[in-house]
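Visitor: The following block contains the structure, expressed as structure tokens.
The values are calculated or read from the model by the stated rules, or taken from the named source; none is laboratory data. None of the values given here were measured: they were computed from a predicted structure. Quick reminder, even Gly has a Cβ in these numbers, built from the backbone with ideal geometry, and neighbours come from all protein chains shown. Accessible surface is based on the protein model in full, side chains and every heavy atom, while ligands, DNA and RNA are left aside. Shrake-Rupley method; radii C 1.70, N 1.55, O 1.52, S 1.80 Å.
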Amino acid sequence: MALQRLDNQSARRLFLDRHALLEQPAGPAKGADLLALIQRLGFVQLDSINTVARAHDVILYSRRPGYRAKHLKQLYERDRGLFEHWTHDAAMIPMAFYPHWHLRFLRDTELLRNRWRNWRRDGFEAQFETVLNHVRDHGPVSSSDLGKDEKKGSGGWWDWHPSKTALEYLWRSGALTVVGREGFQKRYDLTERVIEEHLRPGTSCDETATINWLCSAAMDRLGFATSGELAAFWDTASPVEAKIWCAEQLRRGELEEIEVEQADGKLRKVFARPGTVKAAAELGPAPGRMRVLSPFDPALRDRKRAERLFGFHYRIEVFTPALRRQYGYYVFPLLEGIRLVGRIDMKADRDADVLRVTAVWPERDVKWSPVRARRLEAELGRVARFAGLSRVCFTDGWLR
């Protein structure tokens, strides 16, 4: 029997809907409403680069223009609605999901111990008790509070002193919890002083139940996916575990196979919940306004998926030498409706109180009409206000 087919336009709408980008950017952006948005996304990736605003703030602003950084800080540090840990990278995650991270703690316990032993981290294991006792006696600490007499290696920023490595290991394996950041430096406390007891798992872990939750929650947020994409979403379940889960769900009728049309017209076989194709066809149109997205937006995190679905090739060039960059150091994608229409290089010049636009690159098949230019100008005005800047300044020759 022929598989149901999801055309490319419907697939884009469904994917954007699951990432809260199909509706108008509006609505309340703090407290329970902000938490509900993050639960819908699954997590918000953290990143330290601050050319306009930090990645997590741009992600939330692009969906709720009333959002400000203080709202996330309050939800995280005061209300304890979120915890910080790893998915594919460091992220803010709803506290309700904490029990499902016990498997991650257990797996990181062995994975990182073995990896870091061979990664210029000699001596960090000997610091575990010292670090835990210090936190127990003195309260939350940052890495700068420890290891003052310890030497770093010569390998760059990643060559932490042994106590810093111990702090990170104890956090990644669950004994410590990050309770906030000063600047962008993490502060750690004992998990039992931070996480409510009913959320803290015991000594055992039901791997089957956790894998089921991870794969199911990933499917809900992706709309359709291969088993590999499900595994990569939280980056805890292995590809093999996700493949087994999909096969079992398929056998039980909880999933079905469909074909999704890619941007180039090719078809790709994926898994989806029954009724997904019909539900996608019933979604309304996307708003026409233009939006600046973070390079780390959840909708773009899987670069290959974004390229297949939207025909948009994006690679961040932060670590690319300047002379070899195709675009710029930190370039923001531009979303208009259900199309990624270009990318923009801009930076907050706080001394001059200006958002400086260096360049805009429309996608090859996008005509930069006066209407589109006005949409960009309107969006940049909003972004400038969000960043606390008074105006936007375009560099000569900005349209490439």
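Visitor: Net charge near PRO287, counting Lys/Arg +1 and Asp/Glu -1 over other residues with Cβ under 10 Å of its Cβ?
Guide: Working: positive: ARG289, ARG291; negative: GLU23, GLU336.
Here the count lands on 0.
Visitor: Figure the gain on full extension for ALA90 and VAL318 (residue separation times 0.36 nm, minus the Cα-Cα span) and round it to one decimal in nm.
Guide: Between ALA90 and VAL318, full extension yields 80.3 nm more.
Visitor: So the label point goes 7 Å from the Cα of ALA69 along Cα→C-beta, right? Which residues of the range 329-348 then have their backbone N under 14 Å from it?
Guide: 348
Visitor: Right, another one. Which net charge results when you count Lys and Arg as +1 and Asp and Glu as -1 among the other residues whose beta-carbon is under 15 Å from that of THR320?
Guide: Around THR320, the surrounding residues sum to +3.
Visitor: Of all GluC sites (Glu not before Pro) in the range 276-320, which ones are in loop regions per DSSP and have a Cβ with at most 13 other Cβ atoms within 10 Å?
Guide: The qualifying sites are GLU282.
Visitor: Just how large is the dipole of the range 1-76 about the Cα centre, in debye to the nearest 20, putting +1 at every Lys and Arg Cβ and -1 at every Asp and Glu Cβ? Walk me through the intermediate numbers first.
Guide: On the way: 12 positive and 6 negative charges, 27 e Å.
For this selection, approximately 140 debye.
Visitor: Rounded, prolate or oblate: which fits the range 224-269, taking a ≥ b ≥ c as square roots of the Cα gyration tensor eigenvalues, rounded meaning a/c under 1.5, else prolate when a/b beats b/c? The partial results should precede the final answer.
Guide: Numbers: a/c = 3.09, a/b = 1.36, b/c = 2.27.
It comes out oblate by the Cα gyration axes.
Visitor: Given the whole protein assembly as supplied and a 1.4 Å probe, what does the accessible area of GLU259 come to in Å², nearest 10?
Guide: 50 Å²
Visitor: Here is a further query. Ignoring ligands, DNA and RNA, what accessible area per residue does the range 294-400 give at 1.4 Å, in Å²?
Guide: Working: 5440 Å² over 107 residues.
For the range 294-400, the per-residue accessible area is 51 Å².
Visitor: What FRET efficiency do you get for MET1 and SER238 if R0 is 25 Å and r is their Cβ-Cβ distance, rounded to the nearest 0.05? Each step should come with its number before you reach the end.
Guide: Values: r = 31 Å, r/R0 = 1.24.
So, using R0 = 25 Å, E works out to roughly 0.20.
Visitor: How big is Rg to Rh over the range 12-75, alpha-carbon atoms, Rh as the Kirkwood inverse-mean-distance radius?
Guide: 0.95
Visitor: Helix-only mean residue ellipticity at 222 nm, the chain, DSSP H runs n ≥ 4 weighted -39,500 (n - 2.57), per residue, nearest 500. What is it? Present the calculation step by step, with values, prior to reporting the outcome.
Guide: On the way: 14 runs with 145 residues, N = 400.
So the calculated ellipticity at 222 nm is -11000 deg cm²/dmol.
Visitor: Something else now. Please report the spacing between the Cα centers of the range 53-101 and the range 310-342 in Å, no decimals.
Guide: A separation of 24 Å, based on Cα centres.
Visitor: Still on this model: In nm, to one decimal, how far is the LEU132 label point from the TRP368 one, both placed 7 Å along Cα→Cβ?
Guide: A separation of 5.8 nm, rounded to one decimal place.
Visitor: Over 10 Å intervals from 0, what percent of Cα-Cα pairs in the range 212-309 sits in each interval?
Guide: Calculated P(r), rounded to whole percents: 14, 43, 34, 8, 0.
Visitor: Also, quick follow-up: Percent of accessible area on the chain owned by carbon and sulfur, 1.4 Å probe?
Guide: C and S atoms contribute 50 percent here.
Visitor: With every protein chain kept in place and ligands, DNA and RNA left out, what is the accessible area per residue of the range 252-292? Probe 1.4 Å, answer in Å².
Guide: Values: 2070 Å² over 41 residues.
Per residue, the range 252-292 has 51 Å² of solvent-accessible surface.
Visitor: For the chain, report the convex hull volume of the alpha-carbon atoms normalised per residue, in Å³, without decimals.
Guide: On the way: hull volume 66.4 nm³, N = 400.
Spread over its residues, the Cα hull of the chain gives 166 Å³ apiece.
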